[in-house]
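The structure under discussion appears below in the form of structure tokens.
Every number here is computed from the coordinates shown, using simple stated rules; none is lab data. These numbers were taken from a predicted model, which means no experiment stands behind them. Here Cβ is always computed from backbone atoms with ideal geometry, including for glycine, and neighbour counts include all displayed protein chains.
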Amino acid sequence: MSEPQRLPRPKAGLLDIAAYVGGKSTVEGVAEPIKLSSNENALGCSPLARTAYLAAADQLHLYPDGHCTALRQAVSDRFKLEQDRLIFTAGSDEVFDLLCQAYLEPGDNAVQGEYGFLAYRIAIRAAQGIVRFAPEPNRRIDVDLLLAEVDERTRIVFLANPANPTGTWINRDDVRRLHAALPGDVILVLDGAYAEFCDDPDYEDGLELARSAGNIVVTRTFSKLHGLAALRVGWAYAPTAIIDALDRIRSPFNVNAPAQAAALAALDDEAFIADSLAHVATWRRWMAQQLGGLGLETWPSAANFVLARFPAESHRSAKAAEAFLAARGILVRGVAGYGLPDSLRISIGLEDQNRAVIAALAEFLKG
Ligand SMILES: Cc1ncc(COP(=O)(O)O)c(C=O)c1O
């Protein structure tokens with residue numbers, strides 16, 4: 001009798017992970033759709049970053065600086081952070097993966113809000129950890145409910161502040177209260193992918209709090225404010241012991257050379273940064289007002305997008321709206337995968353794009 005064929009098998013639980021599905025970027029028959037599905041920077045990227053990126057093309061035969069020396073120096077100077085407490089990664093997503101690999105043993109858990117960013121749950125499960133979801137009443141993180149999920153097997157708490165896809169945020173006091181109540185061996189990840197867009201004076205990005213904490217990891221990205229999503233550059237600020245653990249397992253050349261060059265230039269492009277912030281502040285307000293005027297429910301957003309809910313009474317579903325917009329070449333993000341099937345997330349675009357999505361939604365709701 002011949003032996004049954006032996007085939008490679010992924011580790012337990014891996015095939016139960018739902019793969020990340022990004023915002024749509026193409027529509028059949030439309031050459032250049034209006035893409036408001038991935039929270040990218042409507043203004044593009046810094047012209048200085050683009051020039052630096054192109055200049056890096058002359059050195060493509062060389063391995064990148066695996067220590068990100070120049071970028072490390074620049075981030076350290078700008079944010080007044082110790083250089084040895086920084087790690088640079090291929091997008092901030094990579095930090096979540098590294099943290100879960102380094103700190104979760106099978107059966108450990110990590111806690112997040114019920115609508116928390118999808119990348120967390122994938123990273124947790126890939127490390128054979130268990131995801132514990134805390135309810136988010138009115139689509140907002142509630143510190144007490146988050147803490148109620150923490151138990152003796154909790155190793156990490158993920159908090160995006162402001163959050164994706166809700167756009168909501170919690171203030172300084174709440175973040176500090178959350179941290180103060182966590183055991184010292186539980187890592188609090190403060191994901192600041194949208195931190196710069198929050199203009200609430202009671203908000204804090206966590207860097208100050210992290211300075212004196214042994215268990216806070218603050219993550220940031222060049223994908224949103226700096227418009228470098230394609231290049232995949234992120235960084236984290238953490239205690240040296242955590243940086244040391246992550247550095248041991250990261251890929252040695254995880255941030256490529258053109259990406260490092262562009263990020264370095266972007267960091268100093270004050271004009272582009274100011275324009276991006278002003279643009280989001282203006283059009284986020286306008287978008288929320290317009291959506292409200294159409295009878296859709298919105299939440300105050302501190303990010304570069306707005307979440308809109310189609311009330312049951314409107315008898316018009318978010319899914320139908322998404323399809324209606326796509327048929328007109330406008331891509332927004334359905335968020336059923338986040339447990340929000342009645343809502344759409346709309347990134348802030350250029351003026352004509354914002355006006356186009358509102359006009360199309362008005363037509364849809366009238367029809
Ligand atoms: C809350 C949140 N965190 C992190 C990221 C990851 O950003 P990146 O990997 O591009 O740095 C995103 C991207 O959409 C996000 O929404």
Roughly how many whole Å is it from the C-alpha centroid of segment 35-84 to that of segment 1-20?
39
Ordering of 302-314, 65-77, 88-100 by packing [mean C-beta count within 10 Å, highest first]:
88-100, 302-314, 65-77
Calculated from backbone phi, Karplus (6.51, -1.76, 1.60) coupling profile of segment 207-215 in Hz, x at Gly/Pro
5, 5, 4, 5, 3, 10, 9, x, 9
³J(HN,Hα) computed for each position of segment 178-190 - Karplus, 6.51 cos²θ - 1.76 cosθ + 1.60, integer Hz, glycine/proline x
4, 4, 4, 8, 8, x, x, 9, 9, 7, 9, 8, 9
Put a dot 7 Å past each Cα toward the Cβ at LEU62 and GLN101; how far apart are the dots in nm?
2.7
Whole-Hz ³J(HN,Hα) from phi, Karplus 6.51 cos²θ - 1.76 cosθ + 1.60, for segment 69-78, glycine and proline x
4, 5, 5, 4, 4, 5, 5, 4, 5, 5
Taking Lys and Arg as +1 and Asp and Glu as -1, residues besides ALA127 with C-beta under 15 Å from its C-beta add up to +1
Excluding same-chain residues fewer than 8 positions from LYS224, which lysines have a Cα within less than 28 Å of its Cα?
LYS24, LYS35, LYS80, LYS319
Kirkwood-based shape ratio for the chain, expressed as Rg/Rh from alpha carbons
0.98
Measuring from label point to label point, each 7 Å out along Cα→Cβ, what is the GLN5 to ARG211 span in nm?
6.2
Say each of ASP142 and LEU54 gets a label point 7 Å from the Cα, pointing the same way as Cα to Cβ; how far apart are those two points in nm?
5.3
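If you place +1 on the Cβ of every Lys and Arg and -1 on the Cβ of every Asp and Glu, how big does the dipole about the Cα centre of the chain come out, in debye to the nearest 20?
Numbers: 36 positive and 46 negative charges, 163 e Å.
It works out to roughly 780 debye.
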